[in-house]
Amino acid sequence: MKKFLIFTTMCFMIAIYTGCYYDKADQIYLPTTINCDTTNLKYGTDINAILNTYCNSCHGGNASLGGGIKLDTYASLLPYVNNGLLLNDIEQNPGFNAMPKGGAKLSDCVINKIAAWIKNTAPNN
């Protein structure tokens, strides 16, 4: 009986000790949202980097893979911004060419950055 009482007491103490554990969720769990800063976007640093990463392997240089569409300079990009093709294509809206062709849709953050830059009159900065 004494062993049972000691065993029960030890189990009770362990249960209390582990049950009262205080964890800091922000240090243990990964955030569910990622900060996507769409303020103060610049063509020269932000938008051009996105285009170089996702678009200019087909739509840069001689653009032979991209159907003759060049997006590697501001001047060549601007007509596609102004006629809405750039944003509609990367948003993969119905009736437009889903881009990147044959690849996964760009992240919401990347699309939101391009949309915010366009909404801010697509400055050449």
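Can you find a residue in the stretch 12-34 that is out of contact with any helix residue (DSSP H, G or I) (no Cβ under 9 Å at 6 or more places or on another chain), modelled with pLDDT of 75 or more and of a type in the set (S, T, N, Q)? Checked the stretch 12-34: no residue is out of contact with any helix residue (DSSP H, G or I) (no Cβ under 9 Å at 6 or more places or on another chain), modelled with pLDDT of 75 or more and of a type in the set (S, T, N, Q). Taken together, the criteria place Ile90 among residues that are among the hydrophobic types (A, V, I, L, M, F, W, C), modelled with pLDDT of 95 or more and farther than 15 Å from Tyr43 by Cα.
The values are calculated or read from the model by the stated rules, or taken from the named source; none is laboratory data. Bear in mind the structure is a predicted one, so any value in this text is a computation, not a measurement. Using ideal geometry, Cβ is built from the backbone for each residue, glycine included, and neighbour counts are taken over all protein chains shown.
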